[in-house]
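I have placed the structure first, in the form of structure tokens, so that the comments after it can refer back to it.
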Amino acid sequence: MTNITVDGRLLEVDDSDNLLQVLLGLGEDLPYFCWHPELGSVGACRQCAVVQYMNEDDKRGRVVMSCMTAITEGAIFSVQGEKASNFRTSVIENLMLNHPHDCPVCEEGGECHLQDMTIMAGHRDRQYRHLKTTFRNQYLGPFIGHEMNRCITCYRCVRYYQDYAGGDDLSAFASRDRIYFGRSADGVLENEFAGNLVEVCPTGVFTDKILSAHYTRKWDLQSAPAVCTGCSLGCNITVSERYGQLRRIHNRYNGEVNGYFLCDRGRFGAEYVNSDDRIPYCGIRNTDGIYEANSAKNTLVHVGALLRDAKTIIGIGSPRASLEANFVLRTLVGEDNFYSGLSGPEAEIGSLLLSVLKSNIKTPSLAQVEDFDAILILGEDTTNHAPRLALSLRQAVRNEAKNLARDARIPLWADAAVRKLAQDARSPMFILTSSDDRLDDVGIPSRLNPDDIALAGFSIAEAINSHAANDDADNDSRINIASIVEALTNASKPLIVTGSSSSSPEIVKAAINVANALAKHNDNTGLIICTDEANTLAVVSLGEKSLPEAGAAADVAIVLENDLFQRFADAAMEDWLEHVTNLIVIDSLDNSLSSRSDVVLPAATFAEAQGTYINNEGRAQRSFGAFKPKGDIAPSWDWLLRLCHGQDLLQDVQHIDELLRTIAEILPELALIVNAAPDAGFRDHGQKIARMTHRQSGRTAMLADVSVHEPKQPEDDNSALTYSMEGANQAAPGSLRAFTWSPGWNSNQSINKFQDEISGHLQDGDPGIKLFTGSSAVAHFVSDKSGPGSGNIRIRVVPRWHIFGSDELSNKSQAIRSLAPSPYALLNPNTAENLNVQTGDALKLDSGDAPSLPVSIEDNVPDGCVICPVLETTRAYLHLSDGVLSKDDDWTAPDGQEDVIVSDRRP
Amino acid sequence: MIEAIISQIRTLWTVFLHSFSRPETVQYPEQMPYLAPRYRGRIILTRDPDGVERCVACNLCAVACPVDCIALQKTEDEDGRWYPEFFRINFSRCIMCGFCEEACPTYAIQLTPDFEMCEYDRQNMVYEKEHLLIDGPGKYPDYSFYRVAGKTIGGKDKGEAENEAPPVDVKSLLP
């Protein structure tokens, strides 16, 4: 801690930060552009000027850039000093010279950092009388709009895109007042985290096209704090509504989880909430096989009668439904009749994850991942399966750069200096996967088939345990076990990353062994296991069984938000459905299973319902809905609770808080979920928390076309939030903060005002609570080497996830679907020869009507692997246990499509 | 006591004198009062000099409205021009304060010297865009927002707005 004086106030501050960070942390309003809490300082925009005085006798002082000023003992600064404030006003006047007269037709208007900073710096009228520079825009894909005229050349976009996110198709071009930020040619931005440009850009150069399609100003959005359901990481999002429709997803800062950034699937993939495929009413299938829309009351009576008459009732839960819904379903059907509905490998990996979380092996949060200095990725395609983790891993390899900077006594916030010093020096990250990984450019990649990845993992664990790499045991030219062992054992914080993207529990077991071996010597060892869905952990902790045994009959089967056809082979499903007399499906979107049901109940999506999600780190987080669903649509837990009441179950549970307390009582290991967020009784200075901003418009006109008599605002009894502008929003805890706003700070960067320190935790603690603690040792697993077949080369279909296309729900969003790959089979020349195919051919299954997979041949695909994308159309291939693939002789390549990669697609 | 009586008499005298002054009351509706162009009455949406609707759906009128009686939704045409998909004013709530007109950056929304908006059914006080939009530019005949703004629309390319240089050639090597 160091003492400094700011405008006459004596302060004690942290000297590892720069002055701008310190001042913002103290709540000062100081304008800035090029500095970003995650990107560090480069001192390019000259906006954050303050006056520094030599000593107390110095009355003149000199202007310094606060973002480039280190904190030194006894330093004297003035933010308000006339010299600095005049300087700031003239700097922003210069930045605004060429800014177009666009605010009314700009998506950023109303939450624009440039607007805020212009007001803050005191600039009003443009005095420059000459022409404004103009630029042509580019097509950057379905997510991001480009309006280059608005640029103030702060360079944040390329620093984020290239340095932070590792993209290489967005750059600065040309010189002087012609500087242009864009791609070398029109095309889709390739990076999976490009959507963050919308928030990183201080003005409206990069805008959210999804929002623009049904644009609403920030002040008109009705928002709620939600949790992303796109993968297992549980990033915090703000979900916003207007006119009964979901309008956008924005980042919601959580210092432990996602920080300032989201992936594009999370940000742009929630449009399915507005999809035409939503199930709007209850439906009961008539005797003639036709669905009939029915009222909620009649349907509940009908289902109640079915349940009373049934001898056997089973319930199949869902890894994408809330914990509450899964729990009530389990109560309704009884613990013995509850199934998780997870595919076999996913269920097994889920249980393994649960055992790890309860053991002495630490699972770090996404923010903590950035501190690890040696990483081993075993069979997990992070960028496509748990995207936000890949962004954290990319920062973790910079620890070597940070060490070099510390040795050279360069402060870590001096971003350009640290990067220049480090050049290509990186902490080791070994990537053992079956197909190319987006992190390959900063890691040490090895391409192996899933069995070999597991074997390599087991060998690494063994070598660590025996303090010696026995190269003889697994002499493999493709991978250097010894170097991995050495890096991991020498690291101060080694991290193992694995998950279910290869659908191989063996790999996860191997990873646990490695972490276990390292943890014996190093308490800082971390292990991350990613699962397929947002709430896998919740459903795994409720039930071990995944699906009823084949041939088991049931009078009534209730399936909760789970399209089982996605997870199980069609034949197995057909067989199971044959034994079910009445199938009741609760879901939000029409899918293969709901169209087979006898009764369908319309479920609310995450954007309309409250629920608790447990991420892969064991963190329980409460997600709140932004708006009331239409008509009879209700949260799944609400449907199930009403069914329970009809069967005289859970009679004393009327409210979701009572439900949470009941869960805590019955399942002591989940007891902490009650504390994941304040309950419905929470009040901030006697008020509930407003979902709307205080300046929401149109209340007396938005529904006036229906009736001029305004309806009462809907009430929310289930949470401390209101569907109203009346209420508090400044002092709410992070888990209830519906939107981020502070006077003078209309953009998301107002989060400065709510952090305990810049880039730190939220003032009242980060949302969510870690459920599992334990010190038990985790089991040691023995390699199952009997895997590969006898002599013959076994062809193995290896799933490959795609950030756009592999997720069931986000696939219903038009923009996401447009970027999904078409089916393909990737194999190496050897395998191709074995299967007697070449480029231009296609592979087909010997049975079923799955579409054929066009063949691509690449040298680095492991032997014996056919890499197949995880898509709705290719699931028949992925459910194949023993490959019976053959050349499709009838197949002809569609014209002119084969050479187009996604980033070359034009509008 | 005396003072009170004098006051009473003075009051009676003043009232009596008023019998001879010119009446302010007019025989409305046969006789219409003069209302200045700046009078704040019924709200209209105007068109720019090119005859295209001026409103760009920026939402500033709605947010300025103290009684929240304006609701609209932005949409855009194939050339990127923003305009309101619907624009609704609930005149049964409107207090004719004129804040919307002051907030409007494009002179689209204007108040007119017409206050005769009586309806038996309150629902008829809800005006949609078709009821609000007039054919002319209203009080500001010359202004066109899109001629000033940097955004491209149909008929106006980059660099063609007022005070704009032609688009930069990024590939130029000149210093």
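Every read-out reported here was derived from the displayed coordinates using simple, explicitly stated rules and does not represent laboratory data. Quantities reported herein were computed from a predicted structural model and do not represent experimental measurements. Neighbour counts run over all protein chains shown; Cβ positions are idealised from the backbone, glycine included.
Measure nothing but the geometry: give the 0 to 90° angle between the long axis through the Cα atoms of A:323-333 and the longest principal axis through the Cα atoms of chain A, rounded to 10°.
Tilt relative to chain A: about 20 degrees.
Relative to the first principal axis of the alpha-carbon coordinates of chain A, what is the inclination of helix A:481-490, with its axis defined by its Cα atoms, in degrees from 0 to 90 and to the nearest 10?
Between helix and principal axis, roughly 50 degrees.
Can you list the HN-Hα couplings for the stretch A:562-570, worked out from phi with the Karplus curve (6.51, -1.76, 1.60; θ = phi - 60°), rounded to whole Hz and with x for Gly and Pro?
8, 7, 4, 4, 6, 9, 10, 5, 3
I'd like to compare A:659-669, A:530-540: which one has the highest average count of other Cβ atoms within 10 Å, and what's the full order after that?
So the order, starting with the most tightly packed, is A:530-540, A:659-669.
Which of the lysines could be linked to B:Lys171 by a straight reach, that is with a Cα gap under 18 Å, when you skip same-chain ones fewer than 8 residues away?
Cα-Cα hits under 18 Å: B:Lys158.
By a straight-distance test (C-alpha under 12 Å), which aspartates and glutamates pair with A:Lys362 as possible cross-link partners, with residues fewer than eight away in the same chain excluded?
A:Asp523, A:Glu617
Using only DSSP helix segments of four residues or longer, with each worth -39500 (n - 2.57), what per-residue ellipticity at 222 nm results for chain A after dividing by its residue count and rounding to 500?
So the helix-based figure for chain A works out to -6500 deg cm²/dmol.
Taking only the alpha-carbon positions of the stretch A:2-95 and ignoring solvent, what does the Debye formula give for the base-10 log of I(q)/I(0) at q = 0.11, 0.12, 0.21, 0.22 Å⁻¹?
-0.28, -0.33, -1.03, -1.13
Considering the options A:Leu170, A:Tyr180, A:Tyr160, tell which one lies farthest towards the positive end of the dipole of the stretch A:157-196, charges being +1 on Lys and Arg and -1 on Asp and Glu at the Cβ, about the Cα centre.
Value computed over the given set: A:Tyr180.
Determine the shielding of peptide B:115-122 by partner chains: average, over its residues, the number of Cβ atoms on other chains within 10 angstrom of each Cβ.
Average per residue, whole number: 1.
Inverting the mean 1/r over all pairs of different Cα atoms, compute the Kirkwood radius of the stretch A:796-904 and quote it in Å.
One decimal place: 14.4 Å for the Kirkwood radius.
Quote to one decimal, in nm, the extra length available between A:Lys83 and A:Lys311 on full extension: 0.36 nm per residue of separation minus the C-alpha distance between them.
Here the segment from A:Lys83 to A:Lys311 would lengthen by 73.7 nm.
So how much slack lies between A:Asp756 and A:Gln651, counting 0.36 nm per residue of separation and subtracting their Cα-Cα distance, in nm?
Length gained, A:Asp756 through A:Gln651: 33.5 nm.
Along each of the three principal axes of the Cα atoms of chain A, give the extent in whole Å, ordering the values from largest to smallest.
Taking the Cα atoms of chain A, the three principal extents are 89, 78, 59 Å.
In chain A, if the dipole is taken from +1 on Lys/Arg beta carbons and -1 on Asp/Glu beta carbons about the Cα centre, which of A:Ser636, A:Ala554, A:His99 is farthest to the positive end?
Value: A:His99.
On a straight-distance basis, which lysines could pair with A:Lys358 in a cross-link, Cα separation under 28 angstrom, same-chain partners fewer than 8 positions away excluded?
Within reach: A:Lys493, A:Lys509, A:Lys520, A:Lys545, A:Lys770, A:Lys785.
Could you tell me the largest-minus-smallest coordinate of the C-alpha atoms of the stretch B:4-120 on each of the three principal axes, in descending order and whole angstroms?
So the three principal-axis extents are 78, 31, 30 Å.
Over the stretch B:66-151, what is the relative contact order in percent, taking alpha-carbon pairs closer than 8 angstrom and at least six residues apart?
Relative CO of the stretch B:66-151 lands at 26 percent.
If you take the charge dipole of the protein assembly as shown about its Cα centre, with +1 on Lys and Arg Cβ and -1 on Asp and Glu Cβ, which of A:Gly234, A:Phe338, A:Ile313 is farthest toward its positive end?
The residue sitting most towards the positive pole is A:Gly234.
So for the stretch A:362-524, what percent of the C-alpha to C-alpha distances run longer than 21 Å?
Here the tail beyond 21 Å accounts for 44 percent of pairs.
Using the scaling law 2.2 N^0.38 Å as the reference, what is the normalised Cα Rg of the stretch A:270-336?
Relative to the rule-of-thumb radius for its length, the stretch A:270-336 sits at 1.35.
Using unit Cβ charges (K, R positive; D, E negative) and no other charged atoms, how large, in debye to the nearest 20, is the dipole of the protein assembly as shown about its Cα centre?
I would put it at about 3480 debye.
Which value, in debye to the nearest 20, describes the size of the charge dipole of the stretch A:362-524 about its Cα centre when Lys and Arg Cβ atoms bear +1, Asp and Glu Cβ atoms bear -1, and nothing else is charged?
Charge dipole, the stretch A:362-524, about its Cα centre: 800 debye, nearest 20.
Provide A:Lys688, A:Lys712, A:Lys209, B:Lys139 in ascending order of the number of other Cβ atoms located within 10 Å of each residue's Cβ, fewest first.
Fewest-to-most ranking of A:Lys688, A:Lys712, A:Lys209, B:Lys139: A:Lys712, B:Lys139, A:Lys209, A:Lys688.
Between 0 and 90 degrees, rounded to the nearest ten: what's the tilt of helix B:2-18 against the longest Cα principal axis of chain B?
Approximately 60 degrees, to the nearest ten.
How big, in percent, is the set of alpha carbon pairs in the stretch A:114-211 lying more than 19 Å apart?
43
Please label the shape of the stretch A:60-178 as rounded, prolate or oblate, based on the square roots a ≥ b ≥ c of the eigenvalues of the alpha-carbon gyration tensor (a/c under 1.5 means rounded; beyond that, a/b larger than b/c means prolate, else oblate).
oblate
How would the stretch A:308-365 be classified by its alpha-carbon gyration tensor: rounded, prolate or oblate, with rounded meaning a/c under 1.5 and the a/b versus b/c comparison settling the rest?
Prolate, because a/c is 1.5 or more and a/b exceeds b/c.
Nothing charged except the Cβ atoms of Lys and Arg (+1) and of Asp and Glu (-1): what's the magnitude of the dipole of chain B about its Cα centre? Round to the nearest 20 debye.
In total the dipole reaches around 540 debye.
What list of ³J(HN,Hα) values in whole Hz, one per residue of the stretch A:25-33 in order, does the Karplus curve 6.51 cos²θ - 1.76 cosθ + 1.60 (θ = phi - 60°) give from phi, with Gly and Pro shown as x?
For the stretch A:25-33, the Karplus curve yields x, 7, x, 5, 9, 10, x, 7, 10 Hz.
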